[in-house]
1. Can you give the local net charge around Ile438? Use residues other than it whose beta-carbon is closer than 15 angstrom to its beta-carbon, Lys and Arg +1, Asp and Glu -1.
2. Residue by residue through the stretch 129-134, what is 3J(HN,Hα) from phi via Karplus (6.51 cos²θ - 1.76 cosθ + 1.60, θ = phi - 60°)? Round to whole Hz and write x for glycine and proline.
3. Please report the spacing between the Cα centers of the stretch 345-370 and the stretch 146-217 in Å, no decimals.
4. Pick out, in residue order, every one of the trypsin sites (Lys or Arg not before Pro) in the stretch 100-196 that is DSSP loop and has at most 13 other C-beta atoms within 10 Å; say none if there are none.
5. Each residue of the stretch 403-411 in turn: what ³J(HN,Hα) in whole Hz from Karplus with 6.51, -1.76, 1.60 and θ = phi - 60°, glycine and Pro shown as x?
6. On a 27 Å Cα-Cα criterion, which of the cross-link pairs Lys219/Lys434; Lys155/Lys335; Lys157/Lys330; Lys85/Lys108; Lys335/Lys392 come out too long?
7. Provide the packing ranking of 311-321, 80-90, i.e. peptides ordered by the mean count of other C-beta atoms within 10 Å per residue, highest first.
8. Amide H neighbours of Phe395 under 5 Å, counting only residues 5+ apart in sequence or on other chains, H built in-plane at 1.01 Å?
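Readers should treat all values here as calculations from the given coordinates under stated rules, not as data from a laboratory. These figures come from a predicted structure and were not determined experimentally. When we count neighbours, we look across all protein chains shown, and the Cβ atoms used for this are built from the backbone with ideal geometry, even at glycine.
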Amino acid sequence: MFLRKAHLLLILLVVSVAAVLILWSKSKEQSHSKVINPSVSQDNIPSQKVAPVSSVKEEKTPSVELEKTSSDYQQYITYFEKVYKTFEDNYYLPPDHKVYDNFIVKFKTMIYAQLKSEGKSSDYVKWRSAWSLVDALKSKDDRFSQLYPPKPAEKFKQEALGQNIDLGIEGKKTDAGYLVTRMEPRSDAYEKGLRENDVLTAIDGMDIKPLAQADIEKKLTPLMNTKVSLSYNEQGTAQTKVLEVISKEYFKQLVFLRPVSVPGVFDLEIQHFNRATAEDLFRYLQFIELQNPTGLIIDLRDNPGGPPLAAREISSMFLKGGDELTYFQKRGQEKADLDIPTIPDQYKFKAPIVILVNEGSGSCSELFAGVMQYYKRAVVFGVNTAGQMLLKSMFPLGDGSMVALVVSRGYLPDGTPFSFSGVTPDQIINNAPKDGLINLAAEYLVMSTKKKQ
């Protein structure tokens, strides 16, 4: 048992079984937080609006067959075979080879001619067609598995892991310069002393005042390992200081303390999960414990998820160490368990908890909310979650592109699979505004505490 657990943890760390639910339309319509979703460029990856292969109408498509002797044909077929083999070896359900065979016929007689007639490049034809192949092979319940061309693939990996490559500076243009409104605490600029309310006056010796907001932001997001000179006025002083900072990869801060109108109740919003989430959450919980809290709200609305190990780490702050958190079972393999880590009792958070969720809460968010509900450690408010508590992996295809696949469903400790309908809240509350649901949760926590007294 111990070896299986250790083996699972090693796999999760090495291959970054990270990923997140990419809630394309839902997050765009209802996102209330700064949730980052992979952008889909028409030049780099086929839009979700493009019809899959199965819906292409044959009578409207030129019936021009791609000659088997062409080098393009061999390139495409080799790539498509690699995509199918990746599915066959790793997908949580066995793919249907008939679907692949039908796709090849349609590619030769319909898809290739259609895309080429639109003037698309060979790479676009390859990636667009493979995207349709993945869409045809995956199950109807699977909203995660997808093919990503090189640029979106790199961006997706960063966002799935909650990583950024920039200077970690946000702000707005003012008459005095660029007012820093937020700093990422793990960025090089923060480590070297730049803080909120400082005012940038020059970047690499260039005066900021003539620059537009967009131009400033572009200069603050250079390529990785780029050195940048920042001139700035420290808050409350007229003295100009100069820093040399480096654009580096870091884990974003994704846990934030939000105000609550009810005294004694605290609200922590987790916008995403990454490998630094437990560290940030622990710091806030230690602060809250000193305030003698009545209760805690954990807001996971529109949190698309992240690595399962992030949920495992934060569960230790609320649940009994050694108990089972969840397990995954890949096709044809034994189940692999994740347990709850054991930490000293003085670091456990003991006040009542309400967790807020919605249809934008996916993956790791569902794991944490579902397990806290299962062990009756928290009451869940909101609407059903996304239904994507699945083990996911990213598989490179050799040319910078990758396919992200569901490799296993997740299960509660008693063997119940996480439903594709999502985690059902204890209190279903529809159409609640952001602050309205927070206030309801706060009032519930106060009433619950009074009943126990």
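1. Cβ neighbours under 15 Å give a net charge of -3.
2. Taking θ as phi minus 60°, the curve returns 5, 5, 4, 5, 4, 4 Hz for the stretch 129-134.
3. Centre-to-centre distance over Cα atoms comes out at 30 Å.
4. Lys140, Lys192, Arg195
5. My calculation for the stretch 403-411 gives 10, 9, 10, 6, 10, 6, 7, x, 10 Hz in order.
6. Lys219/Lys434; Lys155/Lys335, as the Cα separations exceed 27 Å there.
7. Working: 311-321: 20.2, 80-90: 16.7.
Put in order of decreasing packing, that is 311-321, 80-90.
8. Val403, Ala404, Leu405
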